[in-house]
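Single-structure report; data block below.
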Amino acid sequence: MKKITILGSTGSIGTQSINILSKYPNDFKIIALTGNQNIELLLKQTTEIKPKYVVIFNEIIYKAKKHLFDHLEVTVLSGLSGLIEVATLEDVDVVINSVVGNIGLMPTLKAIQAKKQVAIANKECLVTAGEILMKEASLHQVDILPIDSEHSAIFQALQGNSLKDIKRVILTASGGPFRNTSREAIENMKASDALKHPNWSMGRKISIDSATLMNKGLEVIEAKWLYDLSIDQIDVIVHPQSIIHSMVEYHDHSIIAQMSLPTMEIPILYALSYPERKPMMFETVDFVKLGALTFEAPRRDDFPCLDLAFEAINRGGLVPTVLNAANEELVYAYLKNEISFYDISKYVEKAMNHFDIRQLTSIDDVLVYDQKTRTYIKEILK
Ligand SMILES: NC(=O)c1ccc[n+]([C@@H]2O[C@H](COP(=O)([O-])OP(=O)(O)OC[C@H]3O[C@@H](n4cnc5c(N)ncnc54)[C@H](OP(=O)(O)O)[C@@H]3O)[C@@H](O)[C@H]2O)c1
């Protein structure tokens, strides 16, 4: 039986993880859950699952709402120290990291150092510190198993093959809600429009990232670190049906793709069961009904965040940290209708040029420049 901590259990990936794990009660036991603001859901999950630990990240909410857990046999923790504590518990085997944002970095690092397997959805920490995290994982002989559907697809296409035989990987993108919208119309699109993703139901931040194509840019960087690729080995194509979740082309020009109807439960379960494949109740792909799988080039001029991510990783060092921190702050400002769609790419680029630091020596650098960039963006937005 695998014992599991779920960081971000109240989110989109967190709730889907609980849902799929609950179908295999003899294989998985949830030891710890964490949330930030959605205490009602965290309380419901705690009542049903009976974990040993629960973390309310937000300290103010923790102080105000901790008493709601008093009647349950659970230790209630708070803040980053709480996340780190439940990510490193002695009786936990696997940590699912499904918090949103670079706040997931230190719990991931500490989990790796405590020799926990990490099933990773939190892409931001791989964008900012992928090089350090992969080195630590190798040093501590720990698996980092992808939950992101594209990276799970690559991982699955790699089984039985060798990283050195990869010619390129092809990351597929749905194109997001504005795939067919003119640039003039996109300029005036509000967050409420951007949140309407055609194929996936996801958290608010990643939904905006999908609309700007920053999500695909972050995934390019994530793939680079997970699979030790050079950036010119990574292509992005738009595949609106979201059936092929990504592909690997080998030096003999064979291309292996992984397909399914869009659901995150398949990659979540695979990450937790690997190297086994567990049977799962889910609809199968009806190719005849689908009729066609189509592909197109991303509209790079109209969605500049994609090229900004390529630019950030090409410059290297702390530039991806700056890209990510600026993007996080700008996405939350856009969600509050404080800025327009193209302000996101405009100010991400401005931040990358302001902090154009091409060395990364330690995790502390990442934390410092993450904060500096957030302060810089907040100043601009004032
Ligand atoms: N959703 C998907 O289909 C999908 C697919 C691939 C990858 N991902 C990646 O998975 C991660 C999570 O995405 P999501 O869509 O599940 O996000 P989400 O629905 O917004 O959930 C985020 C989770 O993190 C918690 N959280 C938010 N801010 C926090 C903070 N400052 N400190 C600690 N916890 C915090 C939230 O708590 P409260 O809700 O209690 O506030 C929630 O549990 C992201 O990195 C995303 O890019 C998501």
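A short reminder: the numbers here are calculations on the coordinates, not readings from a lab. Note that the coordinates shown come from a computational prediction; the quantities given were computed from them, not determined experimentally. Cβ: placed from backbone, ideal geometry, glycine included. Neighbour counts: every protein chain shown.
What does the net charge come to around residue 151 if you take all other residues with beta carbon closer than 9 Å to its beta carbon, with K and R at +1 and D and E at -1?
Cβ neighbours under 9 Å give a net charge of -3.
Find how much the distance from residue 371 to residue 163 grows on full extension, using 0.36 nm per residue of separation minus their present alpha carbon separation; answer in nm with one decimal.
Gain on extension, residue 371 to residue 163, equals 71.4 nm.
Per the Kirkwood definition applied to all pairs of different Cα atoms, how many angstroms is the hydrodynamic radius of the chain?
21.2
Over the Cα atoms of the range 2-146, each weighted equally, I'd like the Debye log10 I(q)/I(0) at q = 0.09, 0.13, 0.17 Å⁻¹, rounded to two decimals.
For the range 2-146 at q = 0.09, 0.13, 0.17 Å⁻¹, log10 I(q)/I(0) is -0.24, -0.50, -0.86.
Taking R0 as 41 Å, what FRET efficiency do you get between residue 233 and residue 59 from their Cβ-Cβ distance, rounded to the nearest 0.05?
Working from the Cβ atoms, E equals 0.45.
Taking 22 Å as R0, compute the FRET efficiency from the Cβ-Cβ separation of residue 296 and residue 259 and round it to 0.05.
Working from the Cβ atoms, E equals 0.75.
Given Cβ point charges of +1 (Lys, Arg) and -1 (Asp, Glu) and nothing else, what value in debye, to the nearest 20, does the dipole of the chain about its Cα centre take?
680
Could you work out the local net charge near residue 5, counting Lys and Arg as +1, Asp and Glu as -1, over the other residues with Cβ closer than 15 Å to its Cβ?
Spelling it out: positives minus negatives among the neighbours equals +4.
Add +1 for every Lys or Arg and -1 for every Asp or Glu among the other residues with Cβ under 13 Å from the Cβ of residue 253, and state the total.
The answer is -1.
Only Lys, Arg, Asp and Glu count, each charged at its Cβ (+1, +1, -1, -1), so figure out the dipole size of the range 2-146 about its Cα centre, rounded to 20 debye.
140
In Å, the Kirkwood hydrodynamic radius of the range 306-355 over pairs of distinct alpha carbons?
For the range 306-355, inverting the mean 1/r across all distinct Cα pairs yields 10.8 Å.
Could you give the size of the charge dipole of the range 251-382 about its Cα centre, using +1 on the Cβ of each K and R and -1 on the Cβ of each D and E, expressed in debye and rounded to the nearest 20?
200
Give the lysines reachable from residue 135 as a straight Cα distance under 24 Å; neighbours fewer than 8 places away on the same chain don't count.
110, 115, 116, 123, 164, 167, 216, 224
Multiplying the sequence separation of residue 201 and residue 280 by 0.36 nm and subtracting their Cα-Cα distance, what value in nm do you get?
26.5 nm
Picking from 212, 234, 188, whose Cα lies most toward the positive end of the charge dipole for the range 164-246 (charges on Cβ: Lys, Arg +1; Asp, Glu -1)?
Going by the Cα projections, it comes out as 188.
Please list 3J(HN,Hα) in residue order for the range 11-19, calculated via the Karplus relation 6.51 cos²θ - 1.76 cosθ + 1.60 where θ = phi - 60°; whole Hz, with x for glycine and proline.
Values, residue by residue: x, 4, 5, x, 5, 5, 5, 4, 4 Hz.
Can you tell me what percent of all Cα-Cα pairs in the range 200-276 are more than 16 Å apart?
The calculated P(r) of the range 200-276 puts 63 percent of pairs beyond 16 Å.
Filter the GluC sites (Glu not before Pro) in the range 9-117 to those in DSSP coil with at most 14 other Cβ atoms within 10 Å of their Cβ, and list the result.
Answer by residue number: 73, 90.
Could you compute the FRET efficiency for residue 1 and residue 47, with r as their C-beta to C-beta distance and R0 at 25 Å, rounded to 0.05?
The pair residue 1/residue 47 has a calculated efficiency of 0.70.
What does the helix-only formula give at 222 nm for the chain: each DSSP H stretch with n ≥ 4 adding -39500 (n - 2.57), the total divided by the residues, and the result rounded to the nearest 500 deg cm²/dmol?
So the calculated ellipticity at 222 nm is -14000 deg cm²/dmol.
Please state the shape class of the range 104-212: rounded when a/c is under 1.5, otherwise prolate if a/b exceeds b/c and oblate if not, all from the C-alpha gyration tensor.
Judged from the Cα gyration tensor, the range 104-212 comes out prolate (a/c at least 1.5, a/b above b/c).
Work from the charge dipole of the chain (Cβ charges, +1 for Lys and Arg, -1 for Asp and Glu, about the Cα centre) and give the residue of 331, 33, 121 farthest towards its positive end.
It is 33, whose Cα lies furthest towards the positive end.
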